[in-house]
Structures are given as structure tokens and as C-alpha cells.
Amino acid sequence: MCGIVGYIGPKNCVPILIEGLKRLEYRGYDSAGIALIYNDSSEVIKTKGKVDELEKMISNKNLIANLGIGHTRWATHGEPSMINAHPHFNKEKNLFLIHNGIIENYSTLKKILEKEGYKFISETDTEVLVNLIDRYLKRKNNLSTAIRYALNEVEGTYGIAVIYKNEPDKIVVARKGSPLVLGIGEKENFVASDVNALITYTSQVVYLEDDEIAEVYSNRFVAKNISDKEIIKEIHEVDIAIDEISKGGYAHYMLKEIMEQPESIFNSMRGRLLIDEGTAKLGGLHGFEDRIANSERIIISACGTSWHAGLVGEYMLEQYTGIPVEVEYASEFRYRHPIINSNDTLIFISQSGETADTLAALREAKRKGALCLGICNVVGSSIARESDAGVYIHAGPEIGVASTKAFTSQLVVLSLITLLIARKKQLSIIDGKRLINEIQKLPEYAKKILELNKDIGKIADKYFNATNFLYLGRGYNFPVALEGALKLKEISYIHAEGYPAAEMKHGPIALIDDNMPVVFIATKDAVYDKVISNIEEVKARKGKIIAVASEDDNQIGKLVDHVIKIPKTVDMLTPILSVIPLQLIAYHIAVKKGLNVDQPRNLAKSVTVE
Ligand code: M6R
């Protein structure tokens, strides 16, 4: 999704903006641009394509400015092009705007402005907004006031940063639905859509909330609500080291993040296991434990990989707590008429904590009075802040667009919530201790699986030319099959389907021939024998079978073409391990195909538009 960065202070902002934009590249984008104001002059430079391209264009110009804004655009209105790239500006080219989000009523506003003589050169909703601000600027003669008036007419979502040549002492930012953060420095200040763009320069940040506008000067900032009332904002300290957001010697962020899993899995459980009591301690849920345990129903809502984590959570919570669980796509949940009772608990899972649909689903559930919990990775993100209570997964920054370590950490946290609630209900201390014992072994087990990286790479080499893949699993491994298929399609562009293994014979079996790779997740669990029967069915039709199996399985090798053996753990925790080979298969296939693993086409890391 689009990225925003801005700087005001004594330094030359050009390298700061470029570095900030590079740190936002992981979000996915198709064009980039900056606007600068210096002395009595201004400059806008934009390009279709990557920030490297923009940097080359700038390097020929020897630009120095103390005020500037930069943007990476992920096209929504109008194709990726130089003209559609941000910043957008008014006719006089003295007012510059960058925007994340969507102005839903832009065509109505455009018609009004056109009647007043405004002309448009791009196809974007953002150009409409900058001209709407311009219209009020001409009437009110004050940038913040003009922005406030303009935003009052806007329907939709926005995170914006605006600079104006006649008021060169400030950047004005505003937020509704798209994240915005201020970075507080020494006699310099920053704005961004994501703290990653700022942390080279400052760890002090201020999160803007919806309907807030801030004037950011080099030595102070003033935040107001949409009714122009000043508000006091808290300054937060963010704890992200630069090396956490660099590749650390790996060819890709995705590989680094896959390889980090022993550590990220450990970080998700660190300090959260009460071994003697056979339970978990989750500070973020303190005071809510009984209410959750007494829920009549739990609804988990999320998107993409986080939704797959939710499906595993459903199996975990129903098995161990006896509470009925439903899992909902946030994008569906937000618009239908979900029946939510006051004694339901809702869990919203989101790596970024900014996914527009998940955030909207959370707001809808809050309106209906249910207890809303968040499971997020990004500290201080919107979903984390707006939930009633929640748990951070502590996986560390995830930069690769394909989610890997966040998924396994989400599952660790779901297992801890399950343990905590199950111990409040029927789970005995002995069984609680047994689970803890297995949870503690997960980092070591993950490490063992990662040692198979080269072997998995060789299997991937055999199938990178395939055009279709099937992923099959049952029970706890069914969501893993979905996740394996999603990983493959998003980074290798190979069509892949995940199915419950038994469903295969109700349709997908028609696809199987000797060209069709089928990945079975066939660990020794409660449904192992059933999965073996499904493997036989594929084998009978000459499908090529890759199986993820338990290390003590000496039989499966005779049935399938390739086996990847993983350590045996309890069923509930198996997905945390069985997904790792699937992440590696997808990674190696995409690399072999020469694709951009970290920034796959059309995808965004944080989907902040619906
Ligand atoms: O940040 P979130 O967890 O809310 O993101 C949800 C999905 O957009 C995300 O999981 C997406 O499916 C990933 N690209 C999967 O790898």
C-alpha cells in the first residue's frame, strides 16, 4: 500500500525522504515521488516504478531543501504512471499533497470543482483533494483551516501530508482510517505512515488517531481534532533496532524471516508461561480472563494469512476450552449483519494492525458491545490501540509481503490464549504442564526443520515449472494447506488451491494427472490414517506427491515422491511446524522463477484500503 514520509528541520530532507521511502518499499507500490519547498521555490519529482529510479532522477539535480514530503503509490484510481504518482498539486504549484486511502466521493467533488474552473491532469482521487484544499485556501488563507474545511466534505479514508509554499514552516497531516505517525526529533520532526520510515532518526513517536489534524513544525507540533480543538498527544518510545529491518545477509527478507522463526516463536512465548501452574500469563488480557472463559461464543475475524491463523485458533479453542468458535473474513463480517451478543468475545488477528477490513470489523463489533481482543504484531497499530485488550505476538518487524514468521507467532499466541482459558475451564494442571512442555520445544523443533532448507530447495527445483498445485490437509493441518497454497500463489504466481484432504474427491480430484504436484500435510495426528487414504487416491491417479510427515513415520516414504520430515508434537501445535516447509517450498520456487519475492506484483504488505 501507499507510503508517506515527510521532514521539516535544519537538514537537507532529500536523502531523508529517499531513505524513508526505501524503508516503506516493503509495503508494495508502483510509483514514487517527492515534493520540496526551499527558499522561494518548490520542486516535484515523480516517476513510475521504483524509488531507485526516483533517486537517480534526483541525483542529477543537486537539490537541497529543509521541508519535503515523499510518497510511494499503490494504484487505486488510475494506472501506475508518472502523472498519477503523488505528490499532487494545485494549478499554481504551490500546494502539495500526498495521500494514502481512498476518497470515495471524489467524482462528486470533482464535478463541483470543475464547475468552478478547476482542471485535472491525473485520474486520481488525490488530485481532487488537493484542489478542494486549494479552493478553501483561497477563501480562508490558512492551510490548516483549509484542510479542515476540505476534509469535512470528504467521504472515505485518508492519511495525508500537505505542504504549502506560503507557509513553509510546517507540514500539516491528518488521518482517517489510514495510519499516520509523527517522529519527534531534536529541532527536527518527521511524519510517516509507518514507524519503519523514521526509526533511523528517532524513536519518539506520536500516533495520530482518526479525525485528528496536526501541524508539524521543526521544533514542535500542535494536534487538533476535526472541530479545531487542541488535544494533548502522548509521545511513545518505539523499540525497533535498525538491523531488525535490514536483510542481515540474507538474499531476501522473506528468507530472513523464515529463518528467524526459532527466535520469533520463542519471543512470542517468552515470559508468558507459568510452568508450575500449567498455564499462561498474558498481561494484555489481565482482568479479562474470566469474561473470555465465560463467553458463550468466540468469533475470530481477520484477512489472508491471519485468517488462516484464526482457523487454527478455532480448532485449538474448541478442542481445549469447549467454547464454540466461528471464524469470519473481516471483509464479509463488516458488511453483513453479524449477530453479536454482549457475552461473545471477538478476536481480531492482524500482523500489521492496520488492515482496513479487520479494523472496520473491530469497530463494528465494538459498536455492538462485545469484548474485542486484538492479536497484532505492530506495536501501537490501530487495531492494537482500538481493541479492549489484546496480545502482541512479538515476532519483530515483518518486511516481506508474504507473511511467514507472523503466522507462526500468531499460532503461538493463540495456543497461549487457549491454554489460559482452558485452564480456567476443564484442563487439568497435568495436561496444562504437558502442553507447556511441548510449547517450549517449538523453537528447537523449528530450527531442526530449517536445517532441511537445502533439501526442500531441491524438491522445489523439480516443480518450479508446474502451473498448478494442490495442498491438502485435515484437522489442524487443513488451515496449513490453505496457507501453503496462499504462500505459493502470492510469490510464485502459480495457481494453487488448498483443500481439506477429504474434499478432494468432491471436485479437485478431476485435476489430478501425472503433471499435478500435490502437497499433503500428513503428520501423525488424530486424522493421519484418513489422510493416508487420500494420498492413496492421488497416487492411484499418478499425481506427484510431496508429503510433510512426522519424523517417526517410516511408511509414508513408500507411498509418495518426496517426504519432508518434521518433529512430532501435539496436534494443536503441529501447524506451527508443518507450515515451515511450505513457506520454504514457495520461497525456493519463486526464487527459481526469478521473481521479486519480497514485493510480489499487485500485493501490498499492509492493506489499508478496503
Ligand atoms: O496485516 P494483516 O495480518 O492484517 O494482513 C492480512 C493479509 O493482508 C495478509 O496476511 C496477506 O494475506 C499476506 N500477504 C499473506 O502472506
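Data table
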| read-out | value |
| --- | --- |
| Theoretical FRET efficiency, 1/(1+(r/R0)^6), r = Cβ-Cβ of Lys138 and Glu237, R0 45 Å, to 0.05 | 0.60 |
| Unsatisfied cross-links (Cα-Cα over 29 Å) in the set Lys22/Lys366; Lys61/Lys140; Lys165/Lys224; Lys50/Lys593; Lys61/Lys165 | Lys22/Lys366; Lys61/Lys140 |
| Cross-link partners of Lys542 among aspartates and glutamates (Cα-Cα below 19 Å; sequence separation of 8 or more within a chain) | Glu497, Glu503, Asp513, Asp514, Asp561 |
| Point-to-point label distance, Lys247-Lys454, nm (Cα→Cβ direction, 7 Å offset) | 2.2 |
| Carbon/sulfur fraction of accessible area - the range 293-432, other protein chains in place, 1.4 Å, % | 50 |
| Those lysines that a straight Cα-Cα span of less than 16 Å connects to Lys424, excepting residues fewer than 8 apart in one chain | Lys281, Lys433 |
| Accessible surface of the range 3-240, 1.4 Å probe, proportion on carbon and sulfur as whole % | 46 |
| DSSP bridge orientation in the range 248-449 - percent antiparallel, rounded to nearest 5 | 10 |
| Principal-axis tilt of helix 574-592 within the chain, Cα atoms, nearest 10 degrees | 60 |
| With Cα atoms, 0 to 90° folded angle of helix 477-492 axis to the chain main axis | 50 |
| Residues with amide H under 5 Å from that of Phe520, placed H, sequence gap 5 or more | Leu472, Ile546, Ala547, Val548 |
| Efficiency of FRET between Lys425 and Ile112 - r from beta-carbon atoms, R0 60 angstrom, step 0.05 | 0.55 |
| For the range 452-605, accessible area per residue (1.4 Å probe, heavy atoms of protein chains only), Å² | 38 |
| Charge sum, other residues only, whose C-beta stays under 12 Å from Leu274's C-beta, Lys/Arg counted +1 and Asp/Glu -1 | +2 |
| Reciprocal of mean inverse Cα separation for the range 452-605 (Kirkwood radius, Å) | 15.2 |
| Helical contribution to [θ] at 222 nm, DSSP H n ≥ 4, -39,500 (n - 2.57), averaged over the chain, rounded to 500 | -11000 deg cm²/dmol |
| Centre separation in Å (Cα based) which lies between the range 392-433 and the range 561-610 | 19 |
| Per-residue ³J(HN,Hα) for the range 24-38, Karplus 6.51 cos²θ - 1.76 cosθ + 1.60, θ = phi - 60°, Hz, x for Gly and Pro | 9, 4, 4, 6, x, 6, 10, 7, 8, x, 9, 10, 10, 10, 8 |
| Stretchable slack from Asn468 to Val379, in nm (0.36 nm times residue separation minus alpha-carbon distance) | 28.3 nm |
| In nm, spacing of pseudo-spin labels at Asp561 and Asp52 (7 Å Cα→C-beta vector) | 3.5 |
| Partners for Lys56 among aspartates and glutamates (Cα-Cα distance below 14 Å; same-chain residues under 8 apart left out) | Glu19 |
| Residues whose placed amide H lies under 5 Å from that of Glu212, excluding near-sequence neighbours | Arg175 |
| Computed lengthening from Glu536 to Lys229, 0.36 nm per intervening residue step minus Cα-Cα distance | 103.6 nm |
| 1.4 Å probe accessible area per residue over the range 253-354, in Å² | 40 |
| Contour minus Cα-Cα distance for Glu92 and Lys592 (0.36 nm per residue) | 175.0 nm |
| Volume of the Cα convex hull of the chain, divided per residue and given in Å³ | 154 |
| Spin-label pair Glu209/Ser342, simplified geometry with 7 Å Cα→Cβ offset, distance in nm | 2.4 |
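The values are calculated or read from the model by the stated rules, or taken from the named source; none is laboratory data. Note that the structure is predicted; figures quoted are calculated from it, not measured. Cβ coordinates were reconstructed from backbone atoms using ideal geometry, including for glycine residues, and neighbour counts include every protein chain displayed. These accessible areas exclude ligands, DNA and RNA; they are computed on the full protein's heavy atoms, side chains included. Shrake-Rupley method; radii C 1.70, N 1.55, O 1.52, S 1.80 Å.
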